[in-house]
Amino acid sequence: MHVHFIGVAGVTMAPLAVLYKKMGWKVTGSDRAFFPPMSTYLEQNGITVMPGYKEEHLNPKPDLCVVMAFITKKNPELKFAIQHKIPYKAYAEVLPQLIEGKNAIVVAGSKGKTSTTALVTWILEVAGHNPNFMIGGIAKNFPDGIRKTDSSWSVMEGDEYPVANWKKTAKFLEYHPRFLILTGITWDHMDIYPTKKSYREIFRKLVAKMPKEGAIIANAEGEYLKELLKNTTKKVLWYNEDRELHFTPPFKGKAWRENSQAAAVLAKAIGISNPIIRKALDTFQGVKRRQEVRYDEKGIVIIDDNAHSPEKVEGVLETLQEQYPQRKILAVYEPGSRNTKALNQKSYATCFAKTDYILLPRVSAARETIAHFNERLWKKFSGNYQHMEYIPSDVELIRRITKIAAHWRQSKQKGVIAFMSQKGFRGMIEETISLLRSGATPTNHPALLP
């Protein structure tokens, strides 16, 4: 059997491709762009990525095409598949068929999904349940982001984004949770859900499809959750209710305390003992691009994080301030796929409050509604902050970062540089690390010369 992935280099598509290969399928894939860590991961697993989208990539014809959610039917490969009657599905459609167990756990909400999913999965692993799982990131405790086993337990990150360009239902409505963790419901993805009501409605549908014997583990401080669940007949277990946490989170910060509580309440509800929960939290290694430390030398720390909404940005900065007290903080922010409707979020006026500097680079996007996001963000909100700059040149932005870091070092101050985006930074993180590590100045480093 042969499966072809259209958009194979995505953070969930790549592990799914690897799973198919482990199941004995021939796997091919294509993508517009592919960068580490996903490109490296695919290469290590013997999957070659074909650049661009071309009809010839489907020769010989595959038995199935798995398609990234953003791909439209105008895509040359998907268009060819439709014309030649090759079956095609989005990953959210094939995933539950492959890994969903009788005891299915889904983690949903507008924040903390990936970290909480990774925590729950690791607790079940330490408890000996050998769970099936899908984690929307690279959990350091596991070699793959998706795993299929013969266990009746499964843990899946529940994304509210649509299944596919041609199927606008939320991905998590394709899943069938017996246990549901809800972290909070703060309006997001304005390009898909134009009103707060429309965004909340998909979570209402998710709660409604829960079975009678199921249980919902909900954040007592999560936005809208008390209202959403006030009339439900399903069992609800609240976490984060100002009670003492009987477990030590793997990392400092409010976000990790909340995520750990969610995982612990779920674990206790399914009969996992306190010693096992403690052992799992003590040995949890984290998730790549979730407050991931990329550099820590001579008083400067560089953090790489997936934060892209105001709520997530504020949470990351709050965590970093607790992890690195008394340090200066420089934030480099790129919005990922958020379009200009998101600029109406008033929380952009306050979410960077814990920073000393905010640098906004050019946005990597073809769509007009996204490409000028940071420039418009700067124009609208720069008056709310003392040091917010829009720098469209990558070279100039790296120069600015290294100058600030050099000033910190010269003045005997310590600092944190937090890169935050749903996407990567076109090599800027690696270049900044190279500069800081080599001790080169922004004016004499070869990579930064005009």
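Using the crude model of +1 on Lys and Arg Cβ and -1 on Asp and Glu Cβ, and no other charge, please compute the dipole size for the chain relative to its Cα centre, in debye to 20. Can you show the working numbers first?
Values: 65 positive and 45 negative charges, 114 e Å.
For the chain, the charge dipole is close to 540 debye.
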What's the longest piece of the chain with no exposed GluC sites (Glu not before Pro), counting a site as exposed if DSSP puts it in a loop and it has at most 11 other beta carbons within 10 Å? 1-212
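Viscosity 0.692 mPa s, temperature 37 °C: Stokes-Einstein D of region 95-283 from its Kirkwood Cα radius, in µm² per second?
On the way: Rh = 16.6 Å.
Using the Kirkwood radius from Cα pairs, D works out to 198 µm²/s.
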Can you tell which of I398, S39, H57 lies farthest toward the positive end of the dipole of the chain, using +1 and -1 charges on the Cβ of basic and acidic side chains (Lys, Arg; Asp, Glu)? H57
Calculate the dipole size of region 292-448 relative to its Cα centre from +1 charges on Lys and Arg beta carbons and -1 charges on Asp and Glu beta carbons; express the result in debye to the nearest 20. 340 debye
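How long are the semi-axes of the equivalent ellipsoid of the chain, taking √(5λ) for every eigenvalue λ of the Cα gyration tensor, in whole Å from largest down? Walk me through the numbers before you get to the answer.
Working: eigenvalues 224, 167, 95 Å².
Computed over the chain, the values are 33, 29, 22 Å.
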Mind listing P(r) for region 292-448? All alpha-carbon pairs, 5 Å bins, whole percents. 2, 9, 20, 24, 21, 14, 7, 3, 0
Name the long-range amide H neighbours of I417: under 5 Å, sequence gap of 5 or more, or other chain; modelled H, no Pro or chain starts. V301, I302, I303, L330
In terms of the charge dipole of region 95-283, which places +1 on Lys and Arg and -1 on Asp and Glu at the beta carbon, the residue among F251, I270, I146 farthest towards the positive end is I270
As a footprinting exposure proxy, order C351, C65 by other Cβ within 10 Å, with the fewest listed first. C65, C351
Hey, what's the Cα Rg ratio for region 242-285 versus the globular rule of thumb, 2.2 N^0.38 Å? 1.05
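In deg cm²/dmol, rounded to 500, what helix-only [θ] at 222 nm does the chain give when every DSSP H run of at least 4 residues adds -39500 (n - 2.57) and the total is split over its residues?
Values: 14 runs with 147 residues, N = 450.
After summing the helix terms and dividing by residue count, I get -9500 deg cm²/dmol.
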Among H372, I300, I202, which residue has its Cα positioned farthest towards the positive end of the charge dipole of the chain, with +1 placed on the Cβ of Lys and Arg, -1 on the Cβ of Asp and Glu, and the dipole taken about the Cα centre? I202
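Using the C-alpha gyration tensor of region 2-86, what are the square roots of 5 times its eigenvalues, in whole angstrom, with the largest one first?
Working: eigenvalues 75, 41, 21 Å².
Result for region 2-86: semi-axes of 19, 14, 10 Å.
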Which of these, T183, T48, T117, has the largest mean-square fluctuation under a Gaussian network model of the chain (Cα springs below 10 Å)? T48
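Strictly over 21 Å apart at the Cα level, which of K379/K414; K21/K61; K102/K148 would you flag in this model?
Working: K379/K414 30 Å; K21/K61 17 Å; K102/K148 13 Å.
Violating the 21 Å Cα-Cα cut-off are K379/K414.
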For region 195-300, the Kirkwood Rh over every pair of distinct alpha carbons, in Å, works out to 16.1 Å
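No lab work stands behind these numbers, since they all come straight from the coordinates. All of these numbers come straight from a predicted model, not from anything done at the bench. Cβ atoms come from the backbone with ideal geometry, glycine included; neighbour counts cover every protein chain shown.
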